[in-house]
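Okay, so here's the structure we're looking at.
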Amino acid sequence: MSWFDKLQQTFIEGDRYMWLVEGLINTLIITLGALIIGVLIGTLIAITKYFCEGNKKLRILNWLCDLYTTVIRGIPITVLLLMFFYIVLVSADGVIVAIVAFGINSGAYMAELIRSGINAVDKGQMEAARSLGMSKGQAMAKIIFPQAIKNILPAIGNECIALLKETSVAGYVAIVDITRAATNIRNKTFDAVNPIILLALIYLVLVVGMTKLLAILERRLRKSDGK
Amino acid sequence: MENNVVIRTKNLQKSFDDLDVLKGIDIDICKGDVVCVIGASGSGKSTFLRCLNLLEQPTGGSIFFNGAELTNSKVDLDLHRQKMGMVFQQFNLFPHLTILKNLTLAPMMLKKVPKEEAEAKALALLARVGLADRAESYPNQLSGGQKQRVAIVRALCMEPEVMLFDEPTSALDPEMVGEVLDVMKELARDGMTMVVVTHEMGFAREVANRVIFLDDGLLAEDGTPEEIFGAPKTERLKTFLSKVL
């Protein structure tokens, strides 16, 4: 049997390529959803921690943020996913469970990233904003945060790529993402080689695409550096 | 309180951990005063200035601005800061915004000035400091002297009653010091109340109507430029002047 016949048998027969398409859609939905949740949580935590600094009344809030990052970063994502699937969100749709689990996981890493970005903005920026009469919140929104995001965009890109690849463990809880779809094809056709290679290629293309997108975004934001 | 006193400090103190930087400073700054603050490095002059708009929280004493006690935690500090412009040694322009946006952001956000009005005012002031053509540039495209002139304009756009200058020319290349001092001189001539921490003794002598000498966290001498530079009373001031003049 030629290689083409083999491909035909593995992917075309029974419209099995559609399994991959459906898996890909789930992978993208999970990644995007988790990314949005991750950025929101990360921003919230980073900014909360910024305002907690040196404020004794908010010490508990600060402690809660630390607890969150410590716990989430201390548990492997696979275990976290299992916990959400079997304990926390028992009756929810698998994709929703994955979005929440990956989002909450990503949020912990995003929080640290964004915090480092905020801390890297020169202290004089906050002072200048305050000296004009802006509140701490206004200064954060208009002056500090936009600069922080620009600083950490490459790191956020890395986190996006890591997130996309991490979703490949979603199959653990019976979600048919693209990795699980490839596994299903392998089980059905006993062709191990081609589904795995195709799977690897698809991830590679996705990551390269994301990298390109980020590069464009970065270039736009760098415009103001005037160099 | 007398009507023309703009800033009054009473027994102003500031410590960092166990380092006492300001050890009790009493001063009245009146409307139209151009006060130059001089002193050796570490004498507390920058800390003193930064306490005036509470960028540094004093650890003792009180500060009044137009009769309102800024050191009272109930006072709306942000509102008072709008009337106290500040210029920093390191410029601290907002690098992610164009020059025009640097100038119009605060008036539009805090004083609800309409965009056209804020821009017209910003452009007029930019023209006065000779930078009308740089409105759409970003801060990093400007030289140090240009940045500092923009920083002065940024503070002026809020129409402050007092301008605080924290060593405004110390980070500049020597050939750019003049252009910034010229803008400050013009400001002083227009009657702006100014407090200037500076190493430019020539500027202090020429423009200030009052010079104060801080020494070891205390107000050691306070007088006209003629008194301070011509007839220093304390040994410390004599030594200081002999080093810097």
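So here's what we get for this one:
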| item | result |
| --- | --- |
| Filter result for residue A:99 (touching a helix residue (DSSP H, G or I) at 6+ places or on another chain (Cβ under 6 Å), closer than 19 Å to residue A:68 by Cα, buried (at least 16 other Cβ atoms within 10 Å of the Cβ) and more than 14 Å from chain B (Cβ to nearest Cβ)) | yes |
| Set A:103, A:117: member being part of a helix (DSSP H, G or I) and touching a Phe, Trp or Tyr at 6+ places or on another chain (Cβ under 9 Å) | A:117 |
| Every pair of residues 6+ apart whose Cβ atoms lie under 6 Å, when the first sits in region B:73-86 and is over 18 Å from residue B:103 (Cα atoms) and more than 7 Å from chain A (Cβ to nearest Cβ) while the second is open to solvent by less than 30 Å² (accessible area, probe 1.4 Å) and not in a loop (DSSP other than H, G, I, E, B) | B:75/B:68; B:80/B:65 |
| Matching residues in region B:158-181 - criterion: being part of a helix (DSSP H, G or I) and either of a type in the set (A, V, I, L, M) or within 15 Å of the chain's Cα centre (by Cα) (or both) | B:176, B:177, B:180, B:181 |
| Qualifying residue in region B:22-37 (condition: touching a Gly at 6+ places or on another chain (Cβ under 6 Å), of a type in the set (D, E, K, R), closer than 20 Å to residue A:123 by Cα and not in a loop (DSSP other than H, G, I, E, B)) | no |
| Whichever residue in region B:131-144 is assigned to a loop (DSSP other than H, G, I, E, B) and open to solvent by less than 50 Å² (accessible area, probe 1.4 Å) and, among such residues, is nearest to the other protein chains (Cβ to nearest Cβ) | B:138 |
| Long-range neighbours under 9 Å by Cβ, at least six apart or interchain, first residue more than 8 Å from chain A (Cβ to nearest Cβ) and open to solvent by 30 Å² or more (accessible area, probe 1.4 Å) within region B:88-101, second part of a loop (DSSP other than H, G, I, E, B) and small (Gly, Ala, Ser) | B:89/B:170; B:89/B:171 |
| Top-ranked residue in region A:102-143 [being open to solvent by less than 50 Å² (accessible area, probe 1.4 Å) and of a type in the set (Ser, Thr, Tyr); ranked as nearest to residue B:78 (Cα to Cα)] | A:135 |
| Any hit, region B:145-168, residues being out of contact with any helix residue (DSSP H, G or I) (no Cβ under 6 Å at 6 or more places or on another chain), hydrophobic (A, V, I, L, M, F, W, C), open to solvent by 30 Å² or more (accessible area, probe 1.4 Å) and within 12 Å of chain A (Cβ to nearest Cβ) | no |
| Hits in region B:215-229 (condition: among the aliphatic types (A, V, I, L, M) and open to solvent by 30 Å² or more (accessible area, probe 1.4 Å)) | B:218, B:219, B:220 |
| Condition broken by residue B:124, with the remaining ones in (1) assigned to a loop (DSSP other than H, G, I, E, B); (2) over 30 Å from residue B:42 (Cβ atoms) satisfied | (1) |
| Total residues in region B:182-191, condition within 14 Å of the chain's Cα centre (by Cα) and either of a type in the set (Ser, Thr, Tyr) or open to solvent by 30 Å² or more (accessible area, probe 1.4 Å) (or both) | 1 |
| Within region B:41-72, tally of residues that are touching a helix residue (DSSP H, G or I) at 6+ places or on another chain (Cβ under 9 Å), within 14 Å of chain A (Cβ to nearest Cβ), open to solvent by less than 40 Å² (accessible area, probe 1.4 Å) and under 17 Å from residue B:11 (Cβ atoms) | 4 |
| Number of positions in region A:190-202 that are open to solvent by 30 Å² or more (accessible area, probe 1.4 Å) and in a helix (DSSP H, G or I) | 7 |
| Pair list, Cβ < 6 Å and 6+ apart or interchain, from region A:38-64 residues that are closer than 17 Å to residue A:148 by Cβ to residues that are modelled with pLDDT under 90 | A:52/A:58 |
| Looking only at region B:102-116, and only at residues there that are aliphatic (A, V, I, L, M) and within 21 Å of residue B:132 (Cβ to Cβ), the one that is nearest to the other protein chains (Cβ to nearest Cβ) | B:106 |
| Residue B:199, sole failed condition from (1) open to solvent by less than 40 Å² (accessible area, probe 1.4 Å); (2) under 25 Å from residue B:160 (Cα atoms); (3) assigned to a loop (DSSP other than H, G, I, E, B) | (1) |
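The values are calculated or read from the model by the stated rules, or taken from the named source; none is laboratory data. These numbers were taken from a predicted model, which means no experiment stands behind them. Backbone-built Cβ (ideal geometry, glycine too); neighbour counts: all protein chains shown. Quick note on the areas: whole protein, heavy atoms, side chains included, nothing else; ligands and nucleic acids left out. Shrake-Rupley method; radii C 1.70, N 1.55, O 1.52, S 1.80 Å.
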